[in-house]
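The values are calculated or read from the model by the stated rules, or taken from the named source; none is laboratory data. Bear in mind the structure is a predicted one, so any value in this text is a computation, not a measurement. Quick reminder, even Gly has a Cβ in these numbers, built from the backbone with ideal geometry, and neighbours come from all protein chains shown. SASA here: full protein model, heavy atoms, side chains in, ligands and nucleic acids out. Shrake-Rupley method; radii C 1.70, N 1.55, O 1.52, S 1.80 Å.
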Amino acid sequence: IIDGNSLVNRAYYAMRNPMITKEGIFTHGIFGFLNMLEKIKRDYEPAYMAIAFDMKAPTFRHKEYDSYKAGRKKMPPELAMQVPLLKDVLSAMNIRQIEIEGFEADDIIGTIAKAAEEQGLEPYIITGDKDELQLATDTTKVIITKKGVSEFDIYDKQAMIEKYGFTPHQFIDFKGLMGDQSDNIPGIPGVGEKTASKLILQFGSIENLLNNIEEITPKGVKTKVEENAQLAVMSKRLATINVNVPLEIDFKQYEIKEPDYEKLIAIYKKLEFNKFLKKLNVSIPDENQSKKIEPVVLKD
């Protein structure tokens with residue numbers, strides 16, 4: 001189960017030089033994404049695959065907290081132009097894509113992973129977003145892209161306990177206390193990673209922490225928790241992935257299938273992806289080869 005937005009972002013920023021077709025289409029985000037996809041298929045040999053994407057529409061989190069994700073940098077236009085083309089490639093590959101208004105890709109991923117476990121499957125979640133670590137279980141593994149497009153860290157429940165000292169479910173409380181700058185989740189002002197970790201290890205959850213405020217030390221931390229209790233509760237809600245999205249899941253639709261080669265070849269030619277065309281045994285004249293070039297600045 002792949003976090004589409006996260007991986008294409010990771011792929012885009014991992015490529016040092018832009019790839020631009022003769023038509024002026026930037027393609028390096030798609031190219032890097034497809035390389036990661038090849039590695040995932042090679043390393044894990046999945047029988048099923050689904051890719052979740054975010055939508056531009058506000059989610060239930062935006063409705064609860066107006067400033068959710070406020071201040072986040074907009075997707076650069078050079079990447080934004082690639083997302084619809086990536087979706088075209090994935091459609092030609094017959095890979096199931098899912099996006100639902102009002103929910104984030106994280107929620108879709110969590111819902112599919114839960115359903116997969118209930119069907120006796122072993123879900124692997126591929127993302128660059130550590131928020132999804134809360135979805136790790138004894139069965140579900142969360143694979144975090146670590147460096148560029150080729151290195152990954154893998155977490156199940158035990159690996160999470162070894163890394164953080166607490167369970168994946170408690171990772172939500174951890175985020176609720178320390179907040180998340182990238183999503184603009186406030187947390188408790190002045191409580192960082194170390195203090196949040198210490199509090200979770202001592203009290204187990206935000207609810208238990210708030211029921212035992214008198215036991216909090218030092219006094220400065222106790223004061224911060226007292227003054228921002230409701231902020232912590234709201235932050236935990238914002239950080240919690242919804243694993244009950246109203247989504248009809250038919251795993252037959254997620255089965256790995258043969259691509260629609262005619263469509264795939266056509267879009268690979270448009271994107272000048274000679275590496276992938278050669279793998280399909282399609283020969284391309286040299287003059288059509290994709291070039292890595294710097295964007296041209298036009299003068300009057």
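For an R0 of 41 angstrom, estimate the FRET efficiency from the Cβ-Cβ distance between residue 139 and residue 55 and round to the nearest 0.05. Walk me through the numbers before you get to the answer.
On the way: r = 29 Å, r/R0 = 0.70.
Efficiency at R0 = 41 Å is approximately 0.90.
Decide, for the stretch 57-181, between rounded, prolate and oblate: order the square roots of the alpha carbon gyration tensor eigenvalues as a ≥ b ≥ c, take rounded if a/c falls under 1.5, and otherwise choose prolate if a/b is larger than b/c, else oblate.
Details: a/c = 1.55, a/b = 1.18, b/c = 1.32.
Judged from the Cα gyration tensor, the stretch 57-181 comes out oblate (a/c at least 1.5, b/c at or above a/b).
Find how much the distance from residue 184 to residue 214 grows on full extension, using 0.36 nm per residue of separation minus their present alpha carbon separation; answer in nm with one decimal. Provide the component values of the computation, followed by the final result.
On the way: separation 30, 0.36 × 30 = 10.80 nm, distance 2.89 nm.
Fully extending the segment from residue 184 to residue 214 adds 7.9 nm.
Full extension from residue 17 to residue 258: what is 0.36 nm times the residue separation minus their Cα-Cα distance, to one decimal in nm?
On the way: separation 241, 0.36 × 241 = 86.76 nm, distance 3.17 nm.
Separation in residues times 0.36 nm, less the Cα-Cα distance, equals 83.6 nm.
Among 20, 238, 8, whose Cα lies farthest out toward the positive end of the dipole of the chain, if unit charges sit on the beta carbon of Lys, Arg (+1) and Asp, Glu (-1)?
Result: 20, furthest along the dipole toward the positive end.
Within the chain, what is the longest stretch that has no trypsin sites (Lys or Arg not before Pro) placed in a DSSP loop and near at most 13 other beta-carbon atoms within 10 Å? Could the numbers behind the result be given before it?
Working: sites that count: 16, 22, 56, 72, 73, 74, 257, 292, 299.
That gives 75-256 as the longest site-free run.
What is the local net charge at residue 118, summed over the other residues whose Cβ is closer than 15 Å to its Cβ (Lys, Arg +1; Asp, Glu -1)?
Details: positive: 114; negative: 117, 122, 138, 248, 250.
Once all neighbours under 15 Å are counted, the net charge is -4.
Assuming a ≥ b ≥ c are the square roots of the Cα gyration tensor eigenvalues, decide whether the stretch 38-125 counts as rounded (a/c under 1.5), prolate (otherwise, with a/b larger than b/c) or oblate. Mind dumping the intermediate values first?
On the way: a/c = 2.40, a/b = 1.32, b/c = 1.82.
Oblate is the answer for the stretch 38-125, as a/c is 1.5 or above yet b/c matches or exceeds a/b.
Determine the share of the stretch 3-79's accessible area contributed by carbon and sulfur atoms, expressed in whole percent, with a 1.4 angstrom probe. Mind showing how you got there, number by number?
Numbers: 2010 of 4080 Å².
The value for the stretch 3-79 is 49 percent carbon and sulfur by accessible area.
Explain nothing, just the number: relative contact order of the chain, from Cα pairs under 8 Å at least 6 residues apart, as a whole percent. Please list the in-between numbers first.
Working: 463 pairs, mean separation 68.3, N = 300.
So the answer I get is 23 percent.
So if I take the centroid of the Cα atoms in the stretch 116-135 and the same for the stretch 36-96, what is the distance between those two points in Å?
16
Just to make sure I understand: if all protein chains stay in place, what is the order of 62, 28 by accessible area at 1.4 Å, largest first? Kindly include the intermediate steps, with their values, before the conclusion.
Details: 62 55, 28 10 Å².
So, going from the largest accessible area down, we get 62, 28.
Cross-link list 87/275; 73/130; 73/270: which exceed 21 angstrom alpha carbon to alpha carbon?
Details: 87/275 19 Å; 73/130 18 Å; 73/270 29 Å.
Violating the 21 Å limit, Cα to Cα: 73/270.
Of the heavy-atom accessible surface of the stretch 120-159 (probe 1.4 angstrom), what whole percent is carbon and sulfur? Don't skip to the answer; put the middle values down first.
On the way: 770 of 1750 Å².
It is 44 percent, rounded to a whole number.
Can you compute 3J(HN,Hα) from phi for each residue in the stretch 6-23, using the Karplus curve 6.51 cos²θ - 1.76 cosθ + 1.60 with θ = phi - 60°, rounded to whole Hz and x for Gly and Pro?
3J(HN,Hα) across the stretch 6-23, in whole Hz: 4, 6, 6, 4, 4, 5, 4, 7, 6, 7, 5, 10, x, 10, 9, 7, 4, 7.
Skip the ligands, DNA and RNA, and give the accessible area per residue of the chain with a 1.4 Å probe, whole Å².
53
Need one word for the stretch 105-167: rounded, prolate or oblate. Basis is the Cα gyration tensor (sqrt eigenvalues a ≥ b ≥ c); a/c below 1.5 gives rounded, then a/b vs b/c decides. It would help to have the intermediate numbers written out before the result.
Values: a/c = 1.78, a/b = 1.23, b/c = 1.45.
Verdict is oblate for the stretch 105-167.
Measure up 39/63; 257/278; 69/114; 56/278 against 31 Å on the Cα-Cα distance and list the ones that go over.
Working: 39/63 38 Å; 257/278 20 Å; 69/114 26 Å; 56/278 36 Å.
As for pairs spanning more than 31 Å Cα to Cα, those are 39/63; 56/278.
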